[in-house]
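Undergrad: Provided herewith is a single structure, encoded as structure tokens, for subsequent inquiry.
The values are calculated or read from the model by the stated rules, or taken from the named source; none is laboratory data. Predicted model, so just to flag it, every value in this text is computed and none were measured. Every residue, glycine among them, receives a Cβ derived from its backbone with ideal geometry; neighbour counts consider all protein chains shown. Only protein heavy atoms, including side chains, enter the accessible area calculation; ligands, DNA and RNA are left aside. Shrake-Rupley method; radii C 1.70, N 1.55, O 1.52, S 1.80 Å.
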Amino acid sequence: MKYRNIFILITVYSIVLLIVEWQTSQNFVRQFLTDIGQHEIVGYAVNTSLSVFLLWATALLFMVSLSCVDKKNTQQYWFFISQIIMFVYLGCDERFLIHENVGRLLGRNDAYLLLGLGLLEVGLLVWLGNLSEKTQLARKFLYTAALLFAIMVVIDAKFPSKMVLRLSLEELTKLWADICLFLFAWEIMQQQILNKIKRI
């Protein structure tokens with residue numbers, strides 16, 4: 001069946017949630033199933049929801065680009081694979097607080113773990129990305145995202161945690177970086193589709 005893997009994943013997900021409620025309680029499982037609108041304020045976690053959406057949507061755009069790759073171009077193929085993995089992970093990290101929990105476990109500032117992911121992404125872009133072949137607008141979006149990401153890491157690592165506007169500045173620079181990365185992927189996807197049409 002065409003969508004078998006999707007149905008398998010959703011089935012596993014459903015069974016896990018049913019087992020969790022069966023083994024614990026409705027109150028416990030409600031933490032996974034609660035509606036965001038039922039919180040004390042309308043718009044609860046909206047910034048995180050937007051950020052996760054943009055990161056996973058970026059991965060989806062790279063999946064579309066991957067489907068357009070010329071099979072002979074192995075470097076481009078592995079570039080898109082690396083970007084899909086990176087942005088799926090970043091969306092999971094944003095949603096499930098992975099680097100925050102790892103930082104707490106290791107007793108380290110979690111901002112530096114995020115910086116490590118940023119440096120890994122830079123390495124992938126330089127090694128596999130062929131940035132000179134990307135459109136000028138795509139590169140502008142990428143460089144803007146990198147600058148905003150750097151600002152976010154500095155705020156997270158160095159600014160006092162209770163400083164006025166610190167949280168908003170950190171989260172908004174991250175959101176704007178996510179928007180720029182989404183647009184970077186969008187530009188690349190358009191370029192890949194056009195290249196595929198020319199090859200037909």
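Undergrad: Can you find a residue that is touching a Phe, Trp or Tyr at 6+ places or on another chain (Cβ under 8 Å) and either at positive phi or at pLDDT 90 or above (or both) anywhere in the stretch 33-55?
TA: Yes, because at least one residue in the stretch 33-55 is touching a Phe, Trp or Tyr at 6+ places or on another chain (Cβ under 8 Å) and either at positive phi or at pLDDT 90 or above (or both).
Undergrad: Further question: Please find, within the stretch 64-75, the residue that is nearest to the chain's Cα centre (by Cα) out of those that are surrounded by fewer than 17 Cβ atoms within 10 Å (Cβ to Cβ) and either in contact (Cβ under 8 Å) with a residue 12 or more places away in the chain or closer than 20 Å to LYS134 by Cβ (or both).
TA: Only one residue tops the list, namely VAL64.
Undergrad: Are any residues in the stretch 141-173 hydroxyl-bearing (Ser, Thr, Tyr) and either touching a residue at least 60 places away in the same chain (Cβ under 8 Å) or touching a helix residue (DSSP H, G or I) at 6+ places or on another chain (Cβ under 8 Å) (or both), and if so, which ones?
TA: THR144, THR173
Undergrad: If you don't mind, there's one more thing I want to ask. Among the residues of the stretch 1-29, count how many are open to solvent by 100 Å² or more (accessible area, probe 1.4 Å) and modelled with pLDDT of 85 or more.
TA: The number of residues fulfilling the criteria is 9.
Undergrad: Now for a different question. List the residue pairs whose Cβ atoms are under 7 Å apart, where the first residue sits in the stretch 117-134 and is under 21 Å from MET189 (Cβ atoms), the second is open to solvent by 80 Å² or more (accessible area, probe 1.4 Å) and in a helix (DSSP H, G or I), and the two are 6 or more positions apart or on different chains.
TA: Hits for this filter: LEU128/TRP78.
Undergrad: Checking VAL52 against (1) loosely packed, with under 10 Cβ neighbours inside 10 Å; (2) in contact with a Lys or Arg (Cβ under 6 Å, 6 or more places away or on another chain), which test does it fail?
TA: (1)
Undergrad: Here's a follow-up. Which is under 22 Å from ALA150 (Cβ atoms), free of Cβ contacts under 8 Å to residues at least 12 places away in the same chain and more than 17 Å from the chain's Cα centre (by Cα), of VAL16, VAL102, VAL42?
TA: Result: VAL102 is the single residue among VAL16, VAL102, VAL42 that is under 22 Å from ALA150 (Cβ atoms), free of Cβ contacts under 8 Å to residues at least 12 places away in the same chain and more than 17 Å from the chain's Cα centre (by Cα).
Undergrad: Being open to solvent by 90 Å² or more (accessible area, probe 1.4 Å), farther than 21 Å from ALA177 by Cα, part of a helix (DSSP H, G or I) and without any contact (Cβ under 8 Å) to a residue 24 or more places away in the chain is the requirement here; does TRP78 meet it?
TA: no
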